[in-house]
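First up is the structure itself, then whatever we jot down about it.
Just so it is clear, none of the values below were taken in a lab; they were calculated from the coordinates. Since the model is a prediction, treat every value here as computed from it, not as a measurement. Every residue, glycine among them, receives a Cβ derived from its backbone with ideal geometry; neighbour counts consider all protein chains shown.
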2 protein chains.
Amino acid sequence: MRNGFLVKIVIAILILVISSFSYASDVGDPLPSWREGPVKRSIMEFVQAVTDQSSRDFVPRDNRIATIDNDGTLWLEQPLYTQGIFMLSRYQTLAKQHKKWPKITENNLTKQNIERLLVTTSSGMTVAEYETIVKEWLNQARNPRYKRPYTELVYQPMLEVIKYLHENDFDVYIVSGGGQEFMRAFALPAYGITPDHVIGSTEKTRYGYLGGKPMLLKMPQPLFVSDNEGKPEAINLFIGKKPIIAFGNSDGDRQMLEWTQSSPGKHLMLLVHHDDPVREYAYDTKSKIGTFSASLMKEAEANNWQVISMKEDWRVIFPFEMNQANE
Amino acid sequence: MRNGFLVKIVIAILILVISSFSYASDVGDPLPSWREGPVKRSIMEFVQAVTDQSSRDFVPRDNRIATIDNDGTLWLEQPLYTQGIFMLSRYQTLAKQHKKWPKITENNLTKQNIERLLVTTSSGMTVAEYETIVKEWLNQARNPRYKRPYTELVYQPMLEVIKYLHENDFDVYIVSGGGQEFMRAFALPAYGITPDHVIGSTEKTRYGYLGGKPMLLKMPQPLFVSDNEGKPEAINLFIGKKPIIAFGNSDGDRQMLEWTQSSPGKHLMLLVHHDDPVREYAYDTKSKIGTFSASLMKEAEANNWQVISMKEDWRVIFPFEMNQANE
């Protein structure tokens, strides 16, 4: 009897302690860089609904899948994709030793020249060597407008979303048209997303041996392109489950959002709208990169996808603005 | 003061309760179907070393990657791969309505006929429809020797390994030459492995719309084959990290074990050797399916890969033997 009583007391104390811990973590605003409004509210209400065991919209941990585009959704993509800047820079370095190579700059990025960049800068080395090359470039390269490393030009509000989703036991995947190995080189330190959660366009690799040691050689043949229709195809290939929340910013994300919308339970689709010419860029329909077409806006409105106004919804865009505010 | 004292008591009780829980789970043998011996010891010592924070071999959770072959390693593969039996059965059912189709049986599985099976039984429907077809077949099909569903012909000792690795915060992936979507249809109930951890050979899919709803159509074109060199290539594509433990049973697993061995820290490679003609099959070098060649055995011995003798190391092979023992 006495033992039974003690056990009950211990259990009661445990419940009190545990519930006070979870209360404490509920108190702070998980999305401080987001202005109050319908978009922020839609994210928080969605996460609360799918994680609340008593809610009819509750989703078990294993099915809490979030997919997020990279260029223009997690970091800057103007005036050129960062991977494009990397390839141009690497090509120009290598070209010093190959006098016959044609001159390629950001002004003559034809399809043929982009293929030439891919072959010369992103194949013919091992996967591990490529990772080192990308990391070294990211360490020294600076964006000319912001005078900062590209890995600092990530969107603070989206970093908060990733952290918030992780804290609520979501599997958060990057699903991008960008190169998978390029993104893997920085996704963990920049976003807290591990290589197994980075889905992108890929080329074939070939297993072989160098001095008796196994290695994977990056080949110049594409395996698949994870953009447009390729996004839901890649989501099925890598994850095998439908996302319940998806973030994008351009026409290339349309099918990923449609796929998310087709999941049977509660789901949420959001699009970052680049409408801030002062702190970032305002481009949408006008840009070749990250086009947000009128037809995408129409589909968003018809389906109640949330359109995130950078100008209105984001108090802060880059992490360094927070540091400046604190300085 | 009084509050501080109470908090200390609560913490002390918490520590006692929590440590008694973890002690309790340490007490039982996590691998009861394995006979004591060098192979069982190698698995348990490995897991203890990489999960012990004070060990020089400690590996953080994010890098605890295990890759396990399916056919012949997690379940029966004789006298024919289960997926082969499924395709034959499905083909013969469909052929009743297609009088011009050539007769295909397990005796004329030429390359051309296998391709015909793949195209007719595993493409031309949506991914969701295929999953339903496979599940329905698995529900009604019975293995003629054991008179049981194929999903019960899994290896009990390997189920214990998966559970043991999961409990020790490993990411456990299936890496198989078998079809990814075929395995996804049963991996969760049979092994406790979710679709995002099932890597196999894949065909292309195509995103489209049916009555305005998005769908993914299974196409008859292969995307890649996850066997031999394809295993480390697929591991890089899907996981982007090297495994530290890998289980296989045949020549098709050689490169996966080499790749695991090339990881910088502690690692463990194991091969199931089918040498039990009474309870299962004894085949190795003699079989076209799951060949364990003399050269693989030589490589295993030279590199200290553990060879698991089904006959000697496994007290029980199938889960139903445990039920029989308890009956």
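Values computed for the structure shown
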quantity: For chain A, the spread of Cα positions along each principal axis, largest first, Å; calculated: 88, 53, 46
quantity: DSSP beta bridge pairing in the protein assembly as shown, given as percent antiparallel to the nearest 5; calculated: 40
quantity: 5 angstrom amide H check on B:ASN143, placed H, neighbours 5+ away; calculated: B:ARG148, B:TYR150
quantity: Using a 7 Å Cα-to-Cβ projection, B:ILE114 label spacings across copies, nm, ascending; calculated: 3.7
quantity: Average beta-carbon neighbours from other chains, 10 Å sphere, peptide B:234-241; calculated: 6
quantity: Fluctuation leader among A:ASP253, A:ASP276, A:ASP313 - chain A, Gaussian network, Cα springs under 10 angstrom; calculated: A:ASP276
quantity: Structure-based [θ]222 nm, chain A - -39500 (n - 2.57) summed over DSSP H runs of at least 4, per residue, nearest 500; calculated: -13500 deg cm²/dmol
quantity: Only Lys, Arg (+1) and Asp, Glu (-1) charged, at Cβ; chain B dipole about Cα centre in debye; calculated: 1080
quantity: FRET efficiency for B:GLU136 and A:LYS163, using Cβ-Cβ distance with R0 set to 45 Å, rounded to 0.05; calculated: 0.60
quantity: Chain A residue with Cβ closest to the axis mapping A onto B, distance in whole Å; calculated: A:PHE238, 3
quantity: Relative packing of peptides B:183-194, A:179-190 - highest average C-beta neighbours within 10 Å first; calculated: A:179-190, B:183-194
quantity: Rounded to 5, percent antiparallel among DSSP beta bridges of chain A; calculated: 40
quantity: At least 30 Å along the helix axis (C-alpha) and Kyte average at least 0.5, DSSP helices within chain B; calculated: B:2-27
quantity: Percent of Cα pairs exceeding the 43 Å cut-off, where the set is the protein assembly as shown; calculated: 31
quantity: Charge-dipole axis of segment B:25-151 as Lys and Arg at +1 and Asp and Glu at -1 on Cβ define it, positive-most pick from B:TYR81, B:THR121, B:PRO149; calculated: B:THR121
quantity: Normalised alpha carbon radius of gyration of segment B:96-158 [divisor 2.2 N^0.38 Å]; calculated: 1.39
quantity: Förster radius 41 Å - calculated FRET efficiency between B:ARG116 and A:ARG315 (Cβ-Cβ, nearest 0.05); calculated: 0.10
quantity: Residue among B:ASP71, B:ASP275, B:ASP29 with the largest mean-square fluctuation in a Gaussian network model of chain B, springs linking Cα atoms under 10 Å; calculated: B:ASP29
quantity: Copy-to-copy label separations for A:ASP169, where each label sits 7 Å from Cα toward Cβ, in nm and ascending; calculated: 1.7
quantity: Separation between Cα centres of segment B:255-279 and segment A:260-327, rounded to whole Å; calculated: 48
